[in-house]
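The structure under discussion appears below in the form of structure tokens.
The values are calculated or read from the model by the stated rules, or taken from the named source; none is laboratory data. Note that the coordinates shown come from a computational prediction; the quantities given were computed from them, not determined experimentally. So basically every Cβ, Gly included, is an ideal-geometry build from the backbone, and we count neighbours across all protein chains shown.
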Amino acid sequence: MRAVLKYGGSSVADIKKIQAIADYIVNFKEICDEIVVVASAMGKTTDFLIKMAKDTSENPDQRELDSLLATGEQQTVALLSMAINSKGKKAVSLTGYQAEIKTMGVHTKSKIESIGTEKIENYLKKGYIVIVAGFQGINEKGDITTLGRGGSDTSAVALAASLKCQCRIYTDVDGIYNVDPRIYSKAKLLKEISYEEMMEMSNLGAGVMETRAVEIGKKFDIPIFVGKTLSETGGTYIMNRSTALEEKLVTGISIAKDILITTILNIPYSSEKIAEIFTAVDNYGLNINMITQNILRDGTTEISFSCQASEKYLLNQVIKRVEEIFPEADIEYREGLGMISVIGVGMINNSGIAGRFFSALSKAGVNFYQVTTSEISISCSIDRGMIEQAVNAAAEEFCL
């Protein structure tokens, strides 16, 4: 039996927790012949490193920032390997570079291109527990890169896909809930959820799993278990839709608590001009959610899109590029917003979900602005102060 286990930052926040995880892994080794562990930086280490970088430079060089951030995970894997070795089992730690995790794309938000598994396989054959630094890799220039927030999830699932084995994500929550239990007291733990639903929930604000990690799991059909660190109960399986036991009309609700909407006005309409704007979005790695476009009678267009407020530094770079291309453009911002989304594969074969969703919000006194839909989700932006009211109204409407 072979498995990839991943531990998040809160699970390895201090030496006591690292020792407890080492004990668990040593015991797990008795029933699992080959173990690869992916670990995040300890506790709030990444936040601390980002603060140091920003205290040093108002706009830190992104290459150097990646080199700095990667040290957090390297610290964890070395300590965890030491702890396991001290308990009588052989363990070895590997950086992303040593694990041959090759990446592409922009610094601080790179994507995994490929993983060479020869070194890991050799260690596994020799009986070692292999501890890999999550969140990082190396690009074609030989530079250290990082994968963005939640990147250790991506590292773990990508390794499981390359090693053709199961992936177990351990964190500080019991599993995946249909609604954030901190907002909705009746939230239920899901025993299983489809890849498609989990990708939508992650992309639309649920912070338990990283979207790209689930996408890799779906592509290579790798079952992903998400559960609480050191717990033997609970947990959620992310799996192929065809193997899911039940298709609910609405599986869950996701929220994004802090988004902003950017509107670009006074641009002459043409498909080429629109393409230039979103090429800039892509080039700077800005993740956007809702998009609306209005073509006015005077031949100009208004384009609005939303993004996480935490990515405003990327948005500023995009807008700077847009202003270079279209000096006549006017830019407007709307802040203080959140986003609520209802998600479920059951929407595919059922109409009327949108009407029920918007009626529930209206009855609760919640105004909504931008709206976007997919085959299995409906999202809208709302005032941030109305998030709890909106979540409770939608959850009650769909019996979540």
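Hey, could you check the stretch 284-301 for residues that are over 20 Å from Thr373 (Cβ atoms) and either out of contact with any Phe, Trp or Tyr (no Cβ under 7 Å at 6 or more places or on another chain) or charged (D, E, K, R) (or both) and say which is modelled with the highest pLDDT?
Among them, the one singled out is Leu286.
Return the pair list, or none, for Cβ contacts closer than 6 Å from residues in the stretch 190-201 that are among the small types (Gly, Ala, Ser) to residues that are at pLDDT below 90, at least 6 apart or on different chains.
These pairs meet every condition: Ser194/Arg241; Ser194/Ala244; Ser194/Val345.
Among the residues of the stretch 83-124, what is the count of those that are within 29 Å of Gln62 (Cβ to Cβ) and in a loop (DSSP other than H, G, I, E, B)?
Residues in the stretch 83-124 being within 29 Å of Gln62 (Cβ to Cβ) and in a loop (DSSP other than H, G, I, E, B): 14 in total.
Can you pull out every residue in the stretch 367-382 that is over 20 Å from Ser351 (Cα atoms) and either without any contact (Cβ under 8 Å) to a residue 40 or more places away in the chain or out of contact with any Ser or Thr (no Cβ under 9 Å at 6 or more places or on another chain) (or both)?
Hits for the stretch 367-382 are Asn367, Phe368, Ile382.
Could you check, for the stretch 195-204, whether at least one of its residues is closer than 19 Å to Ser379 by Cα, touching a Cys at 6+ places or on another chain (Cβ under 7 Å) and not hydroxyl-bearing (Ser, Thr, Tyr)?
Checking the stretch 195-204: not a single residue is closer than 19 Å to Ser379 by Cα, touching a Cys at 6+ places or on another chain (Cβ under 7 Å) and not hydroxyl-bearing (Ser, Thr, Tyr).
Give me the strands (runs of 3 or more DSSP E) completely within the stretch 185-301, filtered to those with at least 2 residues that are more than 24 Å from the chain's Cα centre (by Cα), ordered by residue number.
Filter on the stretch 185-301 gives 252-268, 288-295.
Mind counting the residues in the stretch 326-370 that are assigned to a strand (DSSP E or B) and within 23 Å of Lys312 (Cβ to Cβ)?
Result for the stretch 326-370: 15.
Can you tell me how many residues in the stretch 294-345 are of a type in the set (Ser, Thr, Tyr) and surrounded by 17 or more Cβ atoms within 10 Å (Cβ to Cβ)?
4
Look at the stretch 132-163 and say how many of its residues are outside any loop (DSSP other than H, G, I, E, B) and more than 22 Å from Leu49 (Cα to Cα).
8
Those residues that are out of contact with any Asp or Glu (no Cβ under 7 Å at 6 or more places or on another chain), among the basic types (Lys, Arg) and surrounded by 16 or more Cβ atoms within 10 Å (Cβ to Cβ), I need them from the stretch 1-40; list them, please.
Lys17, Lys29
Do we have any residue at all in the stretch 89-97 that's without any contact (Cβ under 8 Å) to a residue 60 or more places away in the chain, among the polar types (S, T, N, Q), within 20 Å of Glu210 (Cα to Cα) and crowded, with 19+ Cβ neighbours inside 10 Å?
Scanning the stretch 89-97 turns up no residue that is without any contact (Cβ under 8 Å) to a residue 60 or more places away in the chain, among the polar types (S, T, N, Q), within 20 Å of Glu210 (Cα to Cα) and crowded, with 19+ Cβ neighbours inside 10 Å.
Could you give me the residue pairs with C-beta distances under 7 Å whose first residue belongs to the stretch 318-339 and is assigned by TED's automatic domain parsing to the domain that holds Ile378, whose second residue is aromatic (Phe, Trp, Tyr) and not in a helix (DSSP H, G or I) wherever it lies, and which are 6+ apart or on separate chains?
What qualifies is Val318/Tyr284.
Of all the residues that make up the stretch 59-83, how many are touching an Asp or Glu at 6+ places or on another chain (Cβ under 9 Å) and not small (Gly, Ala, Ser)?
The total comes to 2.
Are any residues in the stretch 145-164 among the hydrophobic types (A, V, I, L, M, F, W, C) and touching a Leu at 6+ places or on another chain (Cβ under 9 Å), and if so, which ones?
Ala156, Leu163
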